[in-house]
Amino acid sequence: MKLCALSVDLDEIPCYHAIHGLPMPTDGSAHAVYARAVPRYLDVLRELGVPCTFFVIGRDMAHGVARDGARALFEAGHELANHTQNHRYEFSRLDRDAIRAEVQGGIEAVTAVQGFAPTGFRAPGYTVNDRVFDALSELGVFYDSSVFPCPLYWSAKATKIGLISLAGRRSHSIVDAPTVLAAPADPYIAGRPYWREAAHDGGMIELPIGVTRIARLPYIGTTVMAAGPSRVGLLTAQIAGRPLVNLELHGIDLLDADDGLDALRPHQLDVRVPVAQKLDTLRAVVGDLKARGYEFVTMHEAAQAFARERRG
Ligand SMILES: [Zn+2]
C-alpha cells in the first residue's frame, strides 16, 4: 500500500474564536471557510487532479453558503465525511447518549447534502476514547481518522491552553490522556483500548493523522504550511515510506488575513501567510508525493484498501 489521502476539516471561523477564547465574529468572516476557502480547494484540487475528503460540521449545513459549498465539493467527486453536529471541544467527555447524538447529527447533515450516509468520522480536536469508538460502531461508521499519535502536538496543545488561561481567557479546547501517544502511526484495526491494535479483525478501521517516521513530528496543514513551498520537501521526506500518508488540512489553511480574519491575526501565525504561498506549498506536497509513487485516494478508498489487505 502506497497511498496518500488529503483531508480538510471544514471548521468555520467561530471554531477558532472558541479555541482562543475570543468573542464570536459578527461580520462576514463567520462563513469565510465555505465562502472563500472551499472555492480555492475546488480549483487547486481540479488543477492537481487529486481527490480529497472534507469533514463537515453538521450545524453548518443550516446555512446556504455552507450547504452550497458542501454540495459543490460532492459534485466535483470529493468525499464528504462527518466532523460531528456541533464540533464540541468537550465531545469525548460527553455521556454516551450525547456522543451518539453528535455523531448521528453529523451523519444526517451530510446525508441531506449528498443523498447517502458518510462512511468516515473525525472527532473535534483529535480527542477520542472507547465510548466514542463504541458510538461509531453502533452507528455503522466504516472508518475513523482522529488518532494523532504525536508527542509534540500534545505538549504544544497543553502549553497553549495554559497560556490562554494565563492571559485571562478561557479556551474551549481540551487535552486528553496522553495514552494516545502509544497508538500505531499507520492504519490499524482499533482494539480496546482504542489506541491498541485489535488482535481480531472486527473493530473500527483507524487511519491515524500523519506523523513523520522518526520522532513522530506532525505532518499536518499547520506544519506543512509553516515550512512553505521551498522547505516542505524536507518534511515530506520524513513521512514518505509510510503505507498511508494521511495529510490533514483545515479550511483555514487556504485563508489569510485579507479574508477578514484580523481578529485571529495575533493568535494564529498561519493567517499571516499569504494564500498564494499556501497554494504553492500544497502543489509542492502533491508533486513530491506523486514523484515518490504515491497514489492519491479519498479516505474512504484508503480505508477500503487497508481492509482488503488486512482482511483478505
Ligand atoms: Zn475540527
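Tell me, please, whether a residue that is of a type in the set (Ser, Thr, Tyr), at pLDDT below 75 and part of a helix (DSSP H, G or I) can be found in the stretch 160-178. Checked the stretch 160-178: at least one residue is of a type in the set (Ser, Thr, Tyr), at pLDDT below 75 and part of a helix (DSSP H, G or I).
Would you mind telling me which numbered condition in (1) outside any helix (DSSP H, G or I); (2) within 16 Å of the ligand (Cβ to nearest atom); (3) modelled with pLDDT of 95 or more; (4) out of contact with any strand residue (DSSP E or B) (no Cβ under 7 Å at 6 or more places or on another chain) GLY293 fails? Result: GLY293 passes all but (2). Among the residues of the stretch 31-63, those identified as farther than 25 Å from TYR294 by Cα, touching a residue at least 40 places away in the same chain (Cβ under 8 Å) and either among the β-branched types (Val, Ile, Thr) or not in a helix (DSSP H, G or I) (or both) are VAL33, VAL56, ILE57.
The lone criterion from (1) without any contact (Cβ under 8 Å) to a residue 60 or more places away in the chain; (2) over 16 Å from THR298 (Cα atoms); (3) small (Gly, Ala, Ser) left unmet by GLY28 is number (1). Of all the listed residues (ILE209, ILE214), the sole one being part of a loop (DSSP other than H, G, I, E, B) and within 16 Å of the ligand (Cβ to nearest atom) is ILE209. Among the residues of the stretch 235-265, those that are more than 15 Å from the ligand (Cβ to nearest atom), among the small types (Gly, Ala, Ser), modelled with pLDDT of 95 or more and not in a strand (DSSP E or B) comprise ALA237, GLY241. Out of all the residues in the stretch 81-90, is one or more surrounded by fewer than 24 Cβ atoms within 10 Å (Cβ to Cβ), farther than 24 Å from SER137 by Cα and among the charged types (D, E, K, R)? Among the residues of the stretch 81-90, not one is surrounded by fewer than 24 Cβ atoms within 10 Å (Cβ to Cβ), farther than 24 Å from SER137 by Cα and among the charged types (D, E, K, R), which makes the answer no. Of all residues in the stretch 64-81, those satisfying the criterion of being part of a helix (DSSP H, G or I), of a type in the set (A, V, I, L, M) and more than 17 Å from the chain's Cα centre (by Cα) are VAL65, ALA66, ALA72. The set of residues from the stretch 258-277 being in contact with a Lys or Arg (Cβ under 9 Å, 6 or more places away or on another chain) and buried (at least 16 other Cβ atoms within 10 Å of the Cβ) comprises ASP259, GLY260, ASP270, VAL271, VAL275. Restricting attention to the stretch 15-74 and to residues that are of a type in the set (D, E, K, R) and within 14 Å of ASP253 (Cα to Cα), the residue that is surrounded by the most Cβ atoms within 10 Å (Cβ to Cβ) turns out to be ARG36.
Matching residues to (1) in contact with an Asp or Glu (Cβ under 9 Å, 6 or more places away or on another chain); (2) buried (at least 21 other Cβ atoms within 10 Å of the Cβ); (3) under 20 Å from MET299 (Cβ atoms):
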site	(1), (2), (3)
GLY191	yes, no, no
VAL211	no, yes, yes
TYR219	yes, yes, yes
GLY228	yes, no, no
LEU234	no, no, no
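Across the stretch 293-312, the qualifying residues are those that are exposed (fewer than 15 other Cβ atoms within 10 Å of the Cβ), touching a residue at least 24 places away in the same chain (Cβ under 8 Å) and not acidic (Asp, Glu), and the one among them that is nearest to GLY221 (Cα to Cα) is GLY293. Per the conditions (1) away from the ligand (no atom under 16 Å from the Cβ); (2) out of contact with any Cys (no Cβ under 9 Å at 6 or more places or on another chain); (3) assigned to a loop (DSSP other than H, G, I, E, B), the sole criterion not satisfied by THR84 is (1).
One line per residue, one yes/no per condition, for (1) away from the ligand (no atom under 14 Å from the Cβ); (2) among the basic types (Lys, Arg); (3) over 19 Å from the mean Cα position of the chain (by Cα):
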residue: ALA112; (1), (2), (3): yes, no, yes
residue: PRO118; (1), (2), (3): yes, no, no
residue: ARG122; (1), (2), (3): no, yes, no
residue: PHE133; (1), (2), (3): yes, no, no
residue: LEU139; (1), (2), (3): yes, no, yes
residue: TYR143; (1), (2), (3): yes, no, no
residue: VAL147; (1), (2), (3): yes, no, no
residue: TRP154; (1), (2), (3): yes, no, no
residue: THR159; (1), (2), (3): yes, no, yes
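Of all residues in the stretch 88-137, those being over 17 Å from ASP9 (Cα atoms), in a loop (DSSP other than H, G, I, E, B) and not aromatic (Phe, Trp, Tyr) number 6.
The values are calculated or read from the model by the stated rules, or taken from the named source; none is laboratory data. Source: prediction; values computed, not measured. No Cβ is skipped: glycine too gets one built from the backbone with ideal geometry, and neighbour counts run over all protein chains shown.
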